[in-house]
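Heads up, the thing below is written out as structure tokens.
The values are calculated or read from the model by the stated rules, or taken from the named source; none is laboratory data. Note that the coordinates shown come from a computational prediction; the quantities given were computed from them, not determined experimentally. Here the Cβ positions follow ideal geometry from the backbone for every residue, glycine too, while neighbour counts run over all protein chains shown. Ligands, DNA and RNA are stripped out before the accessible areas are found, and what is left, the full protein with its side chains, is counted by its heavy atoms. Shrake-Rupley method; radii C 1.70, N 1.55, O 1.52, S 1.80 Å.
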Amino acid sequence: MRTQSLKLLSVLILAVTAIAPLAGCKKGTRLPPLVAPVVPRRSLDAQYTRLRIIVGEALDRTGLAGGVVDTGTTGGELRRTGGLLIAPPASGVQVGVQANATVQSSAAGSGSLSSVQVGGGALAQTIGAIMQSIAAVSERFEVVSGAGKGNCDLVLKTWVTGVAAGELKVDQVLESCDFGSAVSAVDGGIKYAQKGEDLQLDRDDVKRLLKKLIATLPEPSDMGKAQIIAREGRYVTLNMGKEHKVMKGMKAFAVSYGDRTVDIKSGITLGDEVFTGDLYVFAVYPKLARAWIVTEPADSYHDHSKVHVGDYVVFK
């Protein structure tokens, strides 16, 4: 009997000894699942980080510049039809036919003009050429050719709307290459003078007009970066709006930051930006804006390289 009692006591001691460590343990926490690494995205081939602009030919909308005619296509060419560039509205001179006209004046009042003999190219056509040369050295624009979706951001269009007292009245508008909508517009005057057989535009006036147009666009460095807070299909919502100077028609890049590229010799950081999308802002509200994804790397690579919520937005 004593032997059985000792055996039973031994079993109980062993059981208590085995259970005791567990009794004092707190409930453990489960380790979180491993976080999947972020799959790297491919970048757009962003050759132009500034606004790509096409400078169109100037068009005469006055009916007074007899040396040129509109071919009918907005932004199309102007054709010479004769030696007269500017003809008086009530002088009896047959506009655009008289190839060797002498300077004539009209008695139709102070609003009348004199016909001017022209030896060189049409005046209105030179406006576009001068604008192009000035825009080419601007820090805001990259002057490109080949209008159409994906080839440019803006088209600069110029219309001569009046001629008086040695000055052209001019309207200019910047239009979106992607959707044809007007982004901004200005008007002003460009003085001209006759130099021998040619007419010469005041280049400073042309430059002032272009600077006036550029001033209508906000400076990206002053705006800072926006962030994408939502995406539905190819539409994205930005966390910046009118209060942050965002304008309808603006172009921007969606940007993610990947591996930093450092020049081995100099140690200088070359960049770590991955351009994940080319954006067009189509609607602006006080604190938000909506943009359309014009293109993203996935369109070319057919993979996961898409614009994501959380990507930054750098305005052009």
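What's the total number of residues in the range 284-297 that are modelled with pLDDT under 95 and of a type in the set (A, V, I, L, M, F, W, C)?
Selection size over the range 284-297: 1.
Restricting attention to the range 145-169, which residues are within 26 Å of residue 52 (Cα to Cα), at pLDDT below 90, of a type in the set (A, V, I, L, M) and surrounded by 17 or more Cβ atoms within 10 Å (Cβ to Cβ)?
160 - this is the single residue of the range 145-169 that is within 26 Å of residue 52 (Cα to Cα), at pLDDT below 90, of a type in the set (A, V, I, L, M) and surrounded by 17 or more Cβ atoms within 10 Å (Cβ to Cβ).
If the Cβ limit is 7 Å and pairs must be 6+ apart or interchain, which residue in the range 240-257 that is closer than 18 Å to residue 182 by Cβ pairs with which residue that is polar (S, T, N, Q)?
249/176; 249/181
Out of (1) out of contact with any Pro (no Cβ under 7 Å at 6 or more places or on another chain); (2) surrounded by 19 or more Cβ atoms within 10 Å (Cβ to Cβ); (3) modelled with pLDDT under 95, the odd one out for residue 316 is which?
So the condition that residue 316 fails would be (1).
Which members of the range 200-238 meet the condition of being part of a loop (DSSP other than H, G, I, E, B), touching a strand residue (DSSP E or B) at 6+ places or on another chain (Cβ under 8 Å) and open to solvent by 60 Å² or more (accessible area, probe 1.4 Å)?
Hits for the range 200-238 are 225, 234.
For the range 257-282, how many residues meet the condition of being at pLDDT below 75, of a type outside the set (A, V, I, L, M, F, W, C) and either outside any loop (DSSP other than H, G, I, E, B) or on the phi > 0 side of the Ramachandran plot (or both)?
The qualifying residues number 8.
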